[in-house]
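FYI, it's all coordinate maths here, none of it is from the lab. Only a predicted model underlies this, so the values are computations on that prediction, with no experimental measurement involved. Quick reminder, even Gly has a Cβ in these numbers, built from the backbone with ideal geometry, and neighbours come from all protein chains shown.
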Amino acid sequence: QVQLVESGGGLVQAGGSLRLSCAGSGRTFSDYATAWFRQAPGKEREFVAYIDTTGMITYYAHFVKGRCTTSRDNAKNAVYLQMNSLKHEDPAVYYCATKTGGYYYAPTAVGSWGQGTPVTVSS
């Protein structure tokens, strides 16, 4: 089973940028499509972005489209989420997850979850 560790979260001003990283170890990380989800306090976990095993196919939630880009470096067993123009509605704990099937946007059919990295946006 793949172990995932997210990093890169933190406090940023509205309009600023963050680059989240998801490092995979264990079984071959590059064999899995990967999705990003986020969960704010009191809210359900929601889909943010998806990237296939090759990095050629990506999907985004409507609320981050045009502001975020996900990419991967299979040589480094890593997936990234570049977030720009951060808004006051973006604060949450951001998770990466390996997708084993199902709809790309669903937090199901997940092989592994990371522990999450928090993102906070200040005025």
Problem set entry | Environment charge at Gly10 (Cβ cut-off 14 Å; Lys +1, Arg +1, Asp -1, Glu -1) | -1
Seminar exercise, completed: Singleton cysteines, the chain, no second Cys beta-carbon under 4.7 Å -> Cys68
For this session: Mind telling me which of Lys43, Lys87, Lys76 comes out most flexible in a GNM of the chain, alpha-carbon contacts under 10 Å?
Result: Lys43
Exercise. Ordered by residue, what ³J(HN,Hα) values in Hz, to whole numbers, does the stretch 109-118 give under the Karplus form 6.51 cos²θ - 1.76 cosθ + 1.60, where θ = phi - 60° and Gly and Pro are x?
Worked result: 6, 10, x, 9, 10, x, 7, x, 9, x
For this session: State which stretch of the chain is the longest one without any exposed chymotrypsin sites (Phe, Trp or Tyr not before Pro), exposure meaning a DSSP loop state and at most 15 other Cβ atoms within 10 Å.
Result: 1-62
Problem set entry | Relative contact order computed over the chain (Cα-Cα under 8 Å; 6+ residues apart), in percent | 36
Seminar exercise, completed: Of every Cα-Cα pair in the chain, the percentage lying beyond 20 Å is 35
For this session: Report Rg/Rh for the stretch 46-95, rounded to two decimals, where Rg is the Cα radius of gyration and Rh the Kirkwood radius.
Result: 0.97
Seminar exercise, completed: Restricting to lysines and to Cα separations under 19 Å from Lys87, and discarding same-chain partners fewer than 8 apart, the set is Lys43, Lys65
Problem set entry | Neighbourhood net charge (9 Å Cβ-Cβ; Lys/Arg +1, Asp/Glu -1) for Thr34 | +1
